[in-house]
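First comes the structure, then the notes that go with it.
The values are calculated or read from the model by the stated rules, or taken from the named source; none is laboratory data. Just so it is clear, the model here is predicted, and its values are computed rather than measured. Every residue, glycine as well, gets a Cβ built from its backbone with ideal geometry; the counts of neighbours run over all protein chains shown. Surface accessibility is based on the protein's heavy atoms, side chains included, excluding ligands, DNA and RNA. Shrake-Rupley method; radii C 1.70, N 1.55, O 1.52, S 1.80 Å.
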Amino acid sequence: MEGKVNLSAEEKYSLITRDLQEVLGENKIKTILSQRDLKIYWGTATTGKPHLAYFVPMSKIADFLRAGAEVTVLFADLHAYLDNMKAPWELLALRVQYYEHCIKAMLRSIGVPLEKLHFEKGTNYQLSREYTLDVYRLSSIITEHDAKKAGAEVVKQVDHPLVSGLLYPGLQALDEEYLKVDAQFGGIDQRKIFTFAEKYLPQLGYQKRAHLMNPMVPGLTGAKMSSSEEESKIDLLDSPGSVKQKLKKAFCEPGNIENNGILSFAKHVVFPLLQNDEKFVVPRKEANGGDILFESYKQLEEAFAAQTVHPGDLKGSLEMYINKLLEPIRKTFENPELKKLAEKAYPVQKKVEDELKPSCLDVRIGKIVEISKHPDADSLYVSKIDLGEEAPRTVVSGLVKFYSIEQLQNCMVVVLCNLKATKMRGIESAGMVLCASTDEPKQVEILIPPENCTPGEKLLFENHENGTPDPVLNPKKKIWEKLQADFKTSSDCIVQWKNCNLITKSGGLVRRRKGGDFGPRQNYKHEARRAEGLLDAKGPKSPFTPEMQTLFFVKSFKSTLKL
């Protein structure tokens, strides 16, 4: 798309502000546009690799450039370094280069003139004497309350925040002065920082800037598209095959226009990039009525809400447009030097999952000696479980839907014992009763310890018998969730991790128990046949998953069982 020329001040303002959720300082922007072109900055921390969601701000930056604005892209390398100091300066320097090449390639792919686009590194001025003095001056007039309130949407909120998190809004405010811009552009989640800047910069003798805010656009999973979550994002260099697979998994419920990342991408990226006479195409087979054309996003949204457009057809349309956007970027990075830059900036590291072994889990046999309903939660049981310790452990579990108290009383169970103790509706739970589950039909089956076993007996994993369990699993590292992905029950109902059986020291096997079966041991081959409806060609569909045990695992439980 060619850049627009000879626009009036009104036309420039309309182009700059279209599809934004909010504009602060409208009159200031209009006054400047009546005299000269606007100067705008947008900042991004150079941490994870830029991905498809970056086309959302790029689409607006394209509008700014077409309106004749001078745009500065700030690479916040100092902020990236201070983000838990995860990356050394040498790596951040390479990532700044990678970001610049990516952003230029993205804007070229949508046909934007780059003459008035500038790039700046935060460390070019944020370590200077003048900037540092201004940080001290600003910190002398800001209250803790205002600093914490300003960062509420973008800085992780904790009871005892780090000083760096309280400084963040002030640093971002000062960037406006040191970059000498008229306006800052960002997401609506930055609003409190923007109003903070409008309040405090004048107190330092600096002018108040205008602020342009994009709506928050959901990612493929319905939540924010994140660099750290592989399935939630499409990388700029992903192959067409990878794009297809990720779009297949994207959340796009029929008729649901809320938190729909597919629709949002169409609205905020594809439609703004269409030529005046170009229509949005949803390709369909002739047998299904043929292609559908839309002149506006509103028409597409209404058709999807009315279920005239099927999610599969909408995904097929976005796949076509996304690959059209990504193809020039893929070609750009075929350059050997850029390939080498990408590899150096984001070196492939061994995943933590590959280093984790099930021997770090403290899994033991237990006996439920006492059980009752949770006094404040109808869906939870409070159990006292004998684990061979001085006193029974209290374990809260979400088994009410699946088993009665009579079934569980004096039942032998398998318990994960080295989770961090967590309060569940006021009662501290110090373990997890392990279960197997299926999605269709929804079913949870507690695990059967081998016969003649005793409470407190430790369970091991074949080929991993020599490891030592961690005293307490670190919840921040999500060790259990990562190991859990490879737990399954075999066709003979035997519990396994990557085909390694869960066993006692004497070799006894742990199996899953069919719901309601608390009688003599069943014929497991017969039981497996009865479960054939739960199996697919590759084996059991049901993962080995924890029952809802502590607040830490509520979310995992719900997503796994799709309750």
Where region 1-91 is the region considered: accessible area per residue in Å², 1.4 Å probe: 44
Where labels lie 7 Å past Cα in the beta-carbon direction, separation of Leu114 and Glu153 in nm: 3.1
List Trp42, Trp480, ordered by accessible area with a 1.4 Å probe, largest first: Trp42, Trp480
Whole-number percent relative contact order across region 1-144, with pairs defined as alpha carbons under 8 Å at least 6 apart: 28
Peptide ranges 7-15, 285-293, 396-404 listed from the most packed, as the mean C-beta count within 10 angstrom indicates: 396-404, 7-15, 285-293
Percent carbon-and-sulfur accessible area, region 337-450, ignoring ligands, DNA and RNA, probe 1.4 Å: 47
Note, ³J(HN,Hα) from phi for region 389-399, Karplus 6.51, -1.76, 1.60, rounded to Hz, x at Gly and Pro: 9, 4, 9, x, 8, 8, 10, 9, 9, x, 9
Protein accessible area in region 113-209, 1.4 Å probe - carbon and sulfur %: 53
Magnitude of the charge dipole, region 168-305, Cβ model with Lys/Arg +1 and Asp/Glu -1, debye to 20: 200
Count of Lys pairs (Cα-Cα under 25 Å; at least 8 positions apart or interchain) in region 54-170: 10
Rounded accessible area per residue of region 230-304, 1.4 Å, Å²: 51
Average accessible surface area per residue within region 332-486, 1.4 Å rolling probe, Å²: 52
Phi to ³J(HN,Hα) by Karplus 6.51 cos²θ - 1.76 cosθ + 1.60 over region 106-118, Hz, x for Gly, Pro: 4, 5, 5, 5, 10, x, 9, x, 10, 4, 9, 9, 10
Karplus (6.51, -1.76, 1.60) ³J(HN,Hα), θ = phi - 60°, over region 65-71, in Hz, Gly and Pro reported as x: 5, 5, 7, x, 5, 8, 10
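Given Lys30/Lys208; Lys248/Lys344; Lys192/Lys233; Lys233/Lys498, which pairs have Cα atoms separated by over 19 Å?
Beyond 19 Å between Cα atoms: Lys248/Lys344; Lys192/Lys233; Lys233/Lys498.
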Protection proxy ranking of 366-378, 100-112 - average other beta-carbon atoms within 10 Å, highest first: 100-112, 366-378
